[in-house]
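Note sheet for the following structure.
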Amino acid sequence: MAGRGDPQLYVRRGDRVVPAPAADIAVAAGYRGWPDKGPEVDGRRLTIMAAERAYRVGDVVRVIHVLEVTAGRSLYVAGPKIVTDEYLDDRLVGPRQPAEADPLDPLSYDGPVLPGPGTDFNWEITEYPLPDPGTTRIQWRPGALMSNTLKVQVARA
């Protein structure tokens, strides 16, 4: 929920929504102390996080998404919601949000809406295989907003 206790984080397993693995919840629980949060724009901040910053070729990075509302906006805290407009090394890797919609308001939603301020961790956890050595950059860019740039180092296996 929005800013109370450990983050509630869920994933889809087939047609069911279940609690996320403990390792993902632990990553999300580190949000307050995360050193590289996205910039605040119009009362919102996007941040992406991963368990590690160093991987090996063939590993998969799991990306946790956080929306922080500092004032004047609502939080749609049920999920997991679809992540749109995510980039891997400046290449769009997922769906795009329609331009006419607020990029963080779900197009279809049946859940609680809470007033800000608060945090929402209930976005899909995206996964990317890491096929090449070097630095891989991941960024969430819905609409005019953008997250921090998550940089992971990938070493040869």
Residue check, Ala51 modelled with pLDDT of 95 or more and surrounded by fewer than 18 Cβ atoms within 10 Å (Cβ to Cβ): yes
Those residues of the stretch 31-48 which are surrounded by 15 or more Cβ atoms within 10 Å (Cβ to Cβ), out of contact with any Leu (no Cβ under 6 Å at 6 or more places or on another chain), within 20 Å of Ala71 (Cβ to Cβ) and not charged (D, E, K, R), in sequence order: Tyr31, Thr47
Sole residue being touching a residue at least 12 places away in the same chain (Cβ under 8 Å), among the basic types (Lys, Arg) and either closer than 23 Å to Ile25 by Cβ or outside any strand (DSSP E or B) (or both), chosen from Arg96, Arg137: Arg96
Residue match in the stretch 75-96 (condition: modelled with pLDDT under 95, within 16 Å of Leu145 (Cβ to Cβ), among the polar types (S, T, N, Q) and buried (at least 18 other Cβ atoms within 10 Å of the Cβ)): yes
Residue among Asp102, Asp132, Asp110 that is touching a strand residue (DSSP E or B) at 6+ places or on another chain (Cβ under 8 Å), assigned to a loop (DSSP other than H, G, I, E, B) and acidic (Asp, Glu): Asp132
Restricting the stretch 128-149 to residues that are surrounded by 19 or more Cβ atoms within 10 Å (Cβ to Cβ) and among the polar types (S, T, N, Q), the residue that is nearest to Asp36 (Cα to Cα): Asn148
Long-range neighbours under 6 Å by Cβ, at least six apart or interchain, first residue farther than 14 Å from Asp132 by Cβ within the stretch 51-68, second surrounded by fewer than 16 Cβ atoms within 10 Å (Cβ to Cβ): Ala54/Gln153; Arg62/Glu127
Among residues of the stretch 104-127, those that are surrounded by 18 or more Cβ atoms within 10 Å (Cβ to Cβ) and within 17 Å of the chain's Cα centre (by Cα), counted: 10
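Results for (1) in contact with a Cys (Cβ under 7 Å, 6 or more places away or on another chain); (2) at pLDDT 90 or above; (3) under 25 Å from Arg12 (Cβ atoms), shown as yes or no for each residue.
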site: Glu100; (1), (2), (3): no, no, no
site: Asp110; (1), (2), (3): no, no, yes
site: Phe121; (1), (2), (3): no, yes, yes
site: Glu127; (1), (2), (3): no, yes, yes
site: Lys151; (1), (2), (3): no, yes, no
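The values are calculated or read from the model by the stated rules, or taken from the named source; none is laboratory data. This is a predicted model, so every value here is computed, not measured. No Cβ is skipped: glycine too gets one built from the backbone with ideal geometry, and neighbour counts run over all protein chains shown.
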